[in-house]
There are 2 protein chains.
Amino acid sequence: TIVRVLEEQESIEQSLVGKRVLITAGPTKEKVDPVRFFTNHSTGKMGYAFAKQAASLGAEVTLISGPVSLDTPRGVYRIDVESAQEMYEKVLEHYENQDIVIKTAAVADYRPKKSYSTKIKKQSGELEVKMERTNDILKALGQHKTSQFLVGFAAETTNPLEFAKQKLEKKNLDAIVVNNISQEGAGFGGDTNIVTYINGKGEQINYPLQSKEELAKNILQHVVNELKDE
Amino acid sequence: TIVRVLEEQESIEQSLVGKRVLITAGPTKEKVDPVRFFTNHSTGKMGYAFAKQAASLGAEVTLISGPVSLDTPRGVYRIDVESAQEMYEKVLEHYENQDIVIKTAAVADYRPKKSYSTKIKKQSGELEVKMERTNDILKALGQHKTSQFLVGFAAETTNPLEFAKQKLEKKNLDAIVVNNISQEGAGFGGDTNIVTYINGKGEQINYPLQSKEELAKNILQHVVNELKDE
């Protein structure tokens, strides 16, 4: 009946009321000089889809975003950052008191060891750029976790599932979303994705090709159920 | 009188009819692996403004564009490229028979010497990325120039005018547009620019702060006058 449908919809719509959700999205830029930088292909679409869906499920959403060309979803508190270091600082600053933390950002794991305030002149011949590791944000979140439900992402071209399970355990996550970027319709840039969700109990859910909006909604709904079961 | 105004407008509108204009725009991406790459801050706005204005002045416009998130201006033939090498090949392929060539693209001058088809696993400690020079597109255009009017761009933080004059001569350009990226309102990303135009006769025109659209129109109009004077 119509009444039943409305009730179900109501319960879906309300499922994150009173919850605080922190989402990271987009790439980071690691400067070599005022013109050149290292970055990656993330467009932020997956993270922004999570932010939009979490807000429409009633959550209080904080979105910490690298440089992307997307509009802030309605009702979402957005903080812009550029480098991995800025992302690290802002995420840790807002970590406490969150109920769900979803780290979709594709944070650079290396940055140039030295960055210049004026443009480097090009020279003939080769150039060696010394790179150093950035802070591992997900690892830090796993270490400082209290009651947050922490969801990581993995984008791998080789043995994605095996790699993801190791990452889940090593970084003390509650779940990981595995993104096989070598599959058509999955990963960076597009409006669709194909992923596998793995939780700490070892349960796997395969999500077939669907829009990132759809996927964000389905995964959030599943996370809500996991929270209820605890 | 109204008639006179209309006539003037007509003559501006028609000033590039029968002319072929080649414009390059945007950054290039130089891959390290399927996820990571080197690039720069160019958004392509300056080049797309030139393409739009040249088309509206009646020219047959070819736009060779790096990865940007801009719509193709009406009536413009657009060719998408990603790397400096692709840009080099496409530009040379379309160089012959052009009347005006404006190279606004911020082409990477270095690329990783080796690029990987699967994602590099991060390791502890430092990483050295060996970079090699890409082909110098503007230099090649200067060398192969027949009757094209060749306009280069320079974006410098230190001694921009002096550097630009050297570049104009060394690369056999007909004019160079100097972009002092350290000035507020100039350079990458924004909708405005502040530039100095220098031609082969050593004439300098300073264009104060204005929209990139306005600037493209003013510079094109000036180039048309230079062509007439020849």
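A compact table of results
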read-out	value
Cβ pairs under 8 Å, 6+ apart, first in the stretch B:138-165 and free of Cβ contacts under 8 Å to residues at least 60 places away in the same chain and crowded, with 20+ Cβ neighbours inside 10 Å, second assigned to a helix (DSSP H, G or I) and β-branched (Val, Ile, Thr)	B:141/B:91
Given (1) in contact with a Phe, Trp or Tyr (Cβ under 9 Å, 6 or more places away or on another chain); (2) within 14 Å of chain A (Cβ to nearest Cβ); (3) in a strand (DSSP E or B); (4) not aliphatic (A, V, I, L, M), number of the condition residue B:122 does not satisfy	(3)
Residue list for the stretch B:44-61, restricted to those being out of contact with any helix residue (DSSP H, G or I) (no Cβ under 8 Å at 6 or more places or on another chain), surrounded by 22 or more Cβ atoms within 10 Å (Cβ to Cβ) and farther than 17 Å from residue B:80 by Cβ	B:59
Filtered residue count, the stretch A:32-48, keeping only those that are closer than 22 Å to residue B:33 by Cβ and more than 10 Å from chain B (Cβ to nearest Cβ)	4
Residue that is surrounded by the most Cβ atoms within 10 Å (Cβ to Cβ), among those in the stretch B:110-131 that are in contact (Cβ under 8 Å) with a residue 12 or more places away in the chain and among the polar types (S, T, N, Q)	B:115
Looking only at the stretch A:74-87, and only at residues there that are surrounded by fewer than 19 Cβ atoms within 10 Å (Cβ to Cβ) and touching a helix residue (DSSP H, G or I) at 6+ places or on another chain (Cβ under 6 Å), the one that is nearest to residue A:22 (Cα to Cα)	A:79
Scan of the stretch A:101-119 for residues that are more than 18 Å from residue B:112 (Cα to Cα), more than 12 Å from every other protein chain (Cβ to nearest Cβ) and out of contact with any helix residue (DSSP H, G or I) (no Cβ under 6 Å at 6 or more places or on another chain), ordered by number	A:101, A:105
Any hit, the stretch A:207-217, residues being modelled with pLDDT under 95, more than 24 Å from residue A:61 (Cα to Cα), within 14 Å of chain B (Cβ to nearest Cβ) and open to solvent by 20 Å² or more (accessible area, probe 1.4 Å)	no
In the stretch B:125-154, the residues that are facing chain A (nearest Cβ under 10 Å) and either over 22 Å from residue A:120 (Cα atoms) or acidic (Asp, Glu) (or both)	B:125, B:126, B:128, B:132, B:136
Elements of type strands (runs of 3 or more DSSP E) contained in the stretch A:1-108, each with 1 or more residues being at pLDDT below 95 and farther than 28 Å from residue A:168 by Cα	A:36-40
Filtered residues of the stretch B:172-202 (kept if open to solvent by 20 Å² or more (accessible area, probe 1.4 Å), at pLDDT 85 or above and not β-branched (Val, Ile, Thr))	B:172, B:174, B:191, B:200, B:201, B:202
Filter result for residue B:104 (open to solvent by 50 Å² or more (accessible area, probe 1.4 Å) and among the β-branched types (Val, Ile, Thr))	no
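The values are calculated or read from the model by the stated rules, or taken from the named source; none is laboratory data. The model shown is predicted, which means the values in this text are computed figures rather than measured ones. With ideal geometry, Cβ positions are generated from the backbone for all residues, glycine too; neighbour counts draw on all protein chains shown. Calculation scope for accessible area: heavy atoms of the full protein, side chains included, ligands and nucleic acids excluded. Shrake-Rupley method; radii C 1.70, N 1.55, O 1.52, S 1.80 Å.
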